[in-house]
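Notes for the one structure printed next.
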Amino acid sequence: MKKVSIQILKLILSGCISLALLSLFCYFYNYTGRHVINEDGSTDYKWEANQYFSNMKEGFTWFRFDADGFNNPSDAAFTGEPVDILLLGSSHMEAVQIPKDQNTAVLLGTYFPEKHVYNLGVSSHTIFSCVQNLPAAVEKYKPTSYVILETDSIAFDVDAMRNSAGGVYPEVETVQSGTLYEVQKRIPAVKSLYKAYVDWRNVSAWHGSQIQFEGPAEPFIIPEEAWVEYEEVLRDFLGKAKAVMPASCQLLIFYHPGTLLDEAGEYHAPDTGRAGKLFVQVCKELDIIFVDLSEDFEKLYVRENILAHGFINGGVGIGHLNARGHQVIAEVLYKTILEREETR
């Protein structure tokens with residue numbers, strides 16, 4: 001019994017030492033810390049104030065979020081003064097894969113030095129989450145010129161649009177207290193190991209859907225009899241976003257499509273079909289500026305052999321926007337806004 005107890009203690013000790021060493025490694029390799037519920041409702045959650053973040057899994061970055069838990073160039077807290085341009089979006093706009101000075105929001109601030117650009121990009125916040133949270137975001141940040149929404153799709157699920165417009169779209173779950181809350185921050189290896197397990201479990205589906213090229217993606221298609229309902233729900237969904245804009249503020253939505261290369265290196269972008277055309281039409285009717293990056297991303301590849309998505313330590317064209325993708329977006333948004341300002 002004594003020998004068994006000693007062996008168990010050795011096993012526990014070796015496990016603790018291994019976790020400690022792995023956690024030290026993860027602190028520099030992939031440390032995400034923990035997020036907290038955003039009480040003001042402008043996003044479902046935010047990161048802890050001035051939280052350190054490291055990433056070498058997709059891109060290479062080491063930085064801190066600002067005092068409010070978002071990725072902005074200043075580490076200071078939001079002062080309460082109205083912002084000129086408010087940017088909402090997903091992990092693409094959170095942009096933890098690239099240095100802080102290379103993301104869309106910061107570049108826009110560089111192009112418009114007289115304007116205060118504030119970034120509310122947060123992981124897992126699709127356009128449905130952003131539209132649902134938009135009233136609270138506008139109330140807090142009081143944008144005076146533009147609200148910019150990012151989306152990587154313009155062909156939507158009807159139920160998701162309806163739930164978002166009705167304020168019942170599922171929020172991103174956040175562990176606010178307890179053992180798991182503490183483990184995420186103090187033993188980063190546990191979170192990384194769990195995520196690695198999930199990736200391994202889903203590797204077959206991931207490989208088939210994102211790496212293997214099986215021809216251009218099929219356009220978004222729904223039954224003919226469902227188009228009337230789709231258009232009504234889309235109009236209501238976008239109308240809710242437009243309705244909360246302050247009188248002096250313009251809503252702008254930009255679309256950045258994913259891309260895929262075939263075996264011959266030919267560029268293929270998604271075909272949104274009738275749904276995409278309808279989205280453009282409804283935006284125009286509601287006076288929402290719509291910016292489509294499809295042609296700009298294709299030109300980037302054709303002219304420079306550079307894809308807007310993907311990193312050297314990831315798959316080709318797979319994953320989040322890289323620095324050149326952000327640069328192209330910022331440049332196009334800058335030109336779009338400048339043209340509008342000059343014609344007003």
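Annotations for the structure displayed:
- Judged by the gyration tensor of its Cα atoms, with axes a ≥ b ≥ c, region 14-67 is prolate; a/c meets the 1.5 cut and a/b is the larger of a/b and b/c.
- Scanning residues 5 or more positions from Tyr31 or on other chains, those with amide H under 5 Å from its amide H are Ser54, Asn55, with H placed 1.01 Å from N in the peptide plane.
- Of Ala189, Ala105, Ala20, the one that fluctuates the most in a GNM where the chain has Cα springs shorter than 10 Å: Ala20
- Close amide H contacts of Tyr45 (hydrogens built in the peptide plane, cut-off under 5 Å, sequence separation of 5 or more or a different chain): Asn38.
- Stretching Phe25 away from Arg274 to a fully extended chain increases their span by 84.8 nm, per 0.36 nm per residue minus the current alpha-carbon distance.
- Cα-based shape type of the chain, given that a ≥ b ≥ c are square roots of the gyration tensor eigenvalues and the cut on a/c is 1.5: prolate
- Length gained on full extension, Lys57 to Tyr194: 47.8 nm, using 0.36 nm per residue less the C-alpha separation.
- Fluctuation leader among His268, His256, His125 - the chain, Gaussian network, Cα springs under 10 angstrom: His268
- Taken about its Cα centre, the chain carries a charge dipole of roughly 1800 debye when the Cβ of each Lys and Arg holds +1 and the Cβ of each Asp and Glu holds -1.
- Inter-part distance where region 140-155 and region 281-344 are each reduced to a Cα centre, Å: 15 Å
- Residue-wise HN-Hα coupling along region 64-74, computed from phi with Karplus coefficients 6.51, -1.76, 1.60 (Hz; x: Gly, Pro): 10, 6, 6, 5, 9, x, 10, 8, 10, x, 8
- Of Val316, Val122, Val147, the one that fluctuates the most in a GNM where the chain has Cα springs shorter than 10 Å: Val316
- FRET efficiency estimate (nearest 0.05) - Cβ-Cβ, Glu285 to Ala76, R0 51 angstrom: 0.80
- Net charge over other residues, Cβ less than 13 angstrom from the Cβ of Asn322 (K, R count +1; D, E count -1): -1
- Ordering Val4, Met245, Gln51 by the projection of their Cα atoms onto the charge dipole of the chain, which places +1 on the Cβ of Lys and Arg and -1 on the Cβ of Asp and Glu, puts Val4 at the extreme positive end.
- Computed over the alpha-carbon atoms, region 1-111 gives an Rg to Rh ratio of 1.19, Rh here being the Kirkwood radius from the mean inverse distance.
- Listed by chain and number, the lysines whose alpha-carbon sits under 21 Å from that of Lys10, ignoring those within fewer than 8 places in the same chain, are Lys2.
- Here the peptides 6-13, 269-276, 149-156 are ranked by packing, the mean other Cβ count within 10 Å, and the order with the highest first is 149-156, 269-276, 6-13.
- Along region 94-103 the Karplus relation, 6.51 cos²θ - 1.76 cosθ + 1.60 evaluated at θ = phi - 60°, assigns HN-Hα couplings of 4, 6, 7, 8, 10, x, 4, 7, 10, 7 Hz to successive residues, with x for each Gly and Pro.
- 5 angstrom amide H check on His125, placed H, neighbours 5+ away: Ser91
- With a simple spin-label model that places each label point 7 Å from the Cα along the Cα-to-Cβ direction, the separation between Ser14 and Met1 comes to 2.5 nm.
- Electrostatic bookkeeping for Arg162 treats Lys and Arg as +1 and Asp and Glu as -1; over the other residues with beta carbon under 15 Å from its beta carbon, the sum is -4.
- A cut-off under 13 angstrom between Cβ atoms defines the neighbours of Phe290, and their net charge, with Lys, Arg +1 and Asp, Glu -1, is 0.
- Cα-based shape type of region 42-93, given that a ≥ b ≥ c are square roots of the gyration tensor eigenvalues and the cut on a/c is 1.5: prolate
- Region 211-344 - convex hull of alpha carbons, volume per residue in Å³: 134 Å³
- Taking every DSSP bridge with both residues inside the chain, close to 45 percent are antiparallel.
Read-outs: derived from the displayed coordinates by stated rules, not from any lab. Here the structure is a predicted model, which means the values were calculated and not measured. Cβ: placed from backbone, ideal geometry, glycine included. Neighbour counts: every protein chain shown.
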